[in-house]
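The block underneath contains the structure these notes are about, expressed in structure tokens.
The values are calculated or read from the model by the stated rules, or taken from the named source; none is laboratory data. Since the structure is predicted, the reported quantities are computational estimates derived from the model, not experimental observations. Cβ atoms come from the backbone with ideal geometry, glycine included; neighbour counts cover every protein chain shown.
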Amino acid sequence: NAGVTQTPKFQVLKTGQSMTLQCAQDMNHNSMYWYRQDPGMGLRLIYYSASEGTTDKGEVPNGYNVSRLNKREFSLRLESAAPSQTSVYFCASLGGAVEQFFGPGTRLTVL
Amino acid sequence: AQTVTQSQPEMSVQEAETVTLSCTYDTSESNYYLFWYKQPPSRQMILVIRQEAYKQQNATENRFSVNFQKAAKSFSLKISDSQLGDTAMYFCAFTTFYRDDKIIFGKGTRLHILP
């Protein structure tokens, strides 16, 4: 039981490049989330998915797209990375006891 | 829109002392959950304690307890007999859960436990 896994752990991009952050959970949870964490800003919700096939915008969705590929996987895509997207990205899923389980995070730097 | 406010960006206390972290929130809902999460330097997010709004009794988990004041929309975390391992960022979070699964976090309080 790996919980929530994220790949990659670190990534450096140049402005304008694209990439996809992968997230998977093996706990059979319905809801999954993507957050970004910036100094002094806490965790801000980018997108979430309440169930397979559905996605909803959070507080800061601009510049991102998501895909809920199946119940296990929820990916976050940056089509054209910008320096303002330099951040630590966390994926999470929500258990039945209303407890979020978080992945280890991805540190992304956009030059 | 629901909001979560943590008014203390940073705090320091001596080991073994008691410390209280503040959190206020804004919502028009009557059913919701509140959480405190800990993020140590390892960056891993760890659930510390959870409170259901319809429960009058304040939640406790060992040295961690909350003071939940529903009318005042206040949800503070008290850490008793603080330990060096309590040094971390602490985030307050909120969800209506019954309406949607969106979970909103505050900006966090950085807590330093001094030896």
Within the stretch A:54-70, restricting to residues that are within 14 Å of chain B (Cβ to nearest Cβ) and assigned to a loop (DSSP other than H, G, I, E, B), the one that is surrounded by the most Cβ atoms within 10 Å (Cβ to Cβ) is A:G58
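Could you say which residue among A:A50, A:A24, A:A92, A:A97 is free of Cβ contacts under 8 Å to residues at least 60 places away in the same chain and under 26 Å from B:Q6 (Cα atoms)? Break it down into steps so the answer makes sense when it comes.
Working: A:A50 fails: under 26 Å from B:Q6 (Cα atoms); A:A24 fails: under 26 Å from B:Q6 (Cα atoms); A:A92 fails: free of Cβ contacts under 8 Å to residues at least 60 places away in the same chain.
So the residue among A:A50, A:A24, A:A92, A:A97 that is free of Cβ contacts under 8 Å to residues at least 60 places away in the same chain and under 26 Å from B:Q6 (Cα atoms) is A:A97.
Do any strands (runs of 3 or more DSSP E) lying entirely in the stretch B:37-81 carry at least 1 residues that are of a type in the set (D, E, K, R), and which ones are they?
Details: elements: B:46-52, B:64-69, B:74-79.
Strands (runs of 3 or more DSSP E) meeting the threshold: B:46-52, B:74-79.
Please find, within the stretch B:67-115, the residue that is farthest from B:S12 (Cα to Cα) out of those that are away from chain A (no Cβ under 14 Å) and among the aromatic types (F, W, Y). Give the derivation first.
Initial filter on the stretch B:67-115 (away from chain A (no Cβ under 14 Å)): B:67-87, B:111-115.
After this cut, where a residue has to be among the aromatic types (F, W, Y) as well, the list is B:68, B:75.
Details: B:F68: 23, B:F75: 20 Å.
The extreme case among them is B:F68.
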Here the residues within the stretch A:90-111 that are more than 10 Å from chain B (Cβ to nearest Cβ), over 11 Å from the mean Cα position of the chain (by Cα) and buried (at least 17 other Cβ atoms within 10 Å of the Cβ) are A:L108, A:V110
Checklist entry - Going by the structure shown, is A:L69 under 13 Å from A:Q22 (Cα atoms) and at pLDDT below 95? => result yes
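So is B:F91 of a type in the set (F, W, Y), outside any strand (DSSP E or B) and under 22 Å from A:L43 (Cα atoms) or not?
Details: of a type in the set (F, W, Y): yes; outside any strand (DSSP E or B): no; under 22 Å from A:L43 (Cα atoms): yes.
So B:F91 fails the test.
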